[in-house]
Amino acid sequence: MNPPNCAQALAAAQALGLERLDAQLLLLHALGKPGDARAWLLAHDTDVLAEKAAEDFRAMCLRRAAGEPLAYIVGSKEFFGLALQVDARVLVPRPDTETLVDWALECLKAPDMPLEPAVLDLGTGSGAIALAIAHSLQTNGRESKVVAVDASPDALEVARGNATRLGLKLDFIESHWLEKVSGHFHLIVSNPPYIASADPHLEALAYEPLAALAAGEDGLDDIRTIARQAPGSLQPGGWLLLEHGYDQAEVVCALLAREGFVQVQNRLDLAGIARCSGGQWPGG
C-alpha cells in the first residue's frame, strides 16, 4: 500500500475520531515541522508522505485515539507564551491555569510589593506557573527569587529541564507542600490536586499522574494542608493564591477566612468560572 498524501492522512486520522486540529498538529510533528505551520499543510495537501513519516503519524494517531494527551505525544505544550517540555511524569498545563499566573503578576505589581519579590510555587509539576512568573518579572526588568516545590523527584527533573532550556533561574525543593521549605515569601501560588478521589472524570485523565489530580473524598485535602501551612511561610501582607475545581470557590474562600486570611476573593477563568481563590495574610 502506497503512503498517503497529506490530505488523505488527515482524513484517515479524523476517521479514527481525532479532532482536525489534533490531526494537523500530529502530522506536522511527524513531518518535523513546527506546530504553527498549519498553513503549510493546506498548501501541500497533495504531497505524498515519506514511508517513515506515514508510519509515525499513524502510530501517533492511534495513541491519541486511545486518549493519550496530545502534549505527551509531541512532547511539548505552550503555557503563557512559553514552550514547555512535558511527559507522563507531570500534568499537562491547562490554559485555565493562566488565570492564576495573571492574578499572581497582578499581586506582584502592587505598590507594597518589593521590587525583588520572593515567590513560591507549590506542586510545580512541569514548572509552568513558576517559570511563567519568573519570565514575566525578568521581561519587566525585575529580579526575583522564585522557588518551585514538588514532592515528586520526577516532576522536578522535568521542571529543571524546562528552566534550563528557557534560561530562567529557579530554586527547586523536593518537599510535600511546605514541610521542607524555609524562609518567608511575598507570594505563594499553587495548582494542587483538587479532584475528589471517586470523581468519574478521573477516568478520562488516566494518562496523567493521579497524585497530581486527586485529593481525598472531597478533593480538598491538599488545599486544606496548604492553607494551614502557608501562614508560617508568608511575609506579613503576603498573598496565597490557589487554583481549584469549578464548584469549590465558596468552600475554599471560607477555608481561607477560617485560617485567618483577609481580602479573600476569587478570579474567573476563560469560561467565566471562579477557578482561583486567594487571600492576604494580615500585617505589612
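The values are calculated or read from the model by the stated rules, or taken from the named source; none is laboratory data. Note that the coordinates shown come from a computational prediction; the quantities given were computed from them, not determined experimentally. All Cβ positions, even for glycine, are placed from backbone atoms using ideal geometry, and neighbour counts span all protein chains on display. We work out accessible area using only protein heavy atoms, side chains counted, and drop any ligands, DNA or RNA first. Shrake-Rupley method; radii C 1.70, N 1.55, O 1.52, S 1.80 Å.
Side notes on the structure shown:
- Average accessible surface for segment 119-258: 43 Å² per residue, computed with a 1.4 Å probe over protein heavy atoms with every protein chain in place.
- Gain in span if fully extended, Gln8 to Glu78, counting 0.36 nm per residue against the direct Cα distance: 22.4 nm
- From the coordinates shown, Cα Rg over 2.2 N^0.38 Å corresponds to which of [x] 1.21; [y] 1.11; [z] 1.00: [y]
- Carbon/sulfur fraction of accessible area - segment 94-241, other protein chains in place, 1.4 Å, %: 50 percent
- Charge tally for Gln280 (other residues, Cβ to Cβ under 13 Å; Lys, Arg +1; Asp, Glu -1): -3.
- FRET E, pair Asp199, Glu106, Förster distance 30 Å, beta-carbon r, rounded to 0.05: 0.45
- Electrostatic bookkeeping for Pro153 treats Lys and Arg as +1 and Asp and Glu as -1; over the other residues with beta carbon under 11 Å from its beta carbon, the sum is -2.
- Neighbours of Asn5 by Cβ distance under 10 Å: Lys/Arg scored +1, Asp/Glu scored -1, total -2.
- Taking every alpha-carbon pair under 8 Å whose residues sit at least 6 apart, segment 136-224 reaches a relative contact order of 23 percent.
- The 3J(HN,Hα) values that the Karplus relation (6.51, -1.76, 1.60; θ = phi - 60°) gives for segment 126-140 are, in residue order, 6, x, 3, 5, 4, 5, 5, 5, 4, 5, 5, 5, 4, 4, 8 Hz. Gly and Pro appear as x.
- Order of exposure, largest accessible area first, which applies to Glu203, Glu106 with probe 1.4 Å: Glu203, Glu106
- Per residue value of the accessible surface for segment 57-117 (all protein chains in place, 1.4 Å probe), Å²: 47 Å²
- Per-residue ellipticity at 222 nm computed for the chain from its helices equals -11000 deg cm²/dmol, with DSSP H segments shorter than 4 residues left out and the rest contributing -39,500 (n - 2.57).
- Area of Asp112 that stays accessible when all protein chains are in place (1.4 Å probe, Å², to 10): 110 Å²
- Cross-link partners of Lys52 among lysines (Cα-Cα below 26 Å; sequence separation of 8 or more within a chain): Lys33, Lys77
- Spacing of the modelled spin labels on Asp47 and Thr139, each 7 Å from Cα toward Cβ, amounts to 3.1 nm.
- Summarising the strand pairing of the chain, around 45 percent of its internal DSSP beta bridges are antiparallel.
- Normalised by the number of residues in the chain, the mean separation of alpha-carbon contacts (under 8 Å, six or more apart) gives a relative contact order of 14 percent.
- Remark: spin-label model distance Lys180-Leu115 equals 3.5 nm, labels positioned 7 Å along the Cα→Cβ axis.
- For segment 1-85, the fraction of 1.4 Å probe accessible surface lying on carbon and sulfur atoms is 52 percent.
- Among Ala53, Ala39, Ala204, residue whose mean-square fluctuation peaks in a GNM of the chain (springs only between Cα atoms under 10 Å): Ala39
- The protection proxy used here, the mean number of other Cβ atoms lying within 10 Å of each residue, ranks peptides 161-170, 40-49, 115-124 as follows, highest first: 115-124, 161-170, 40-49.
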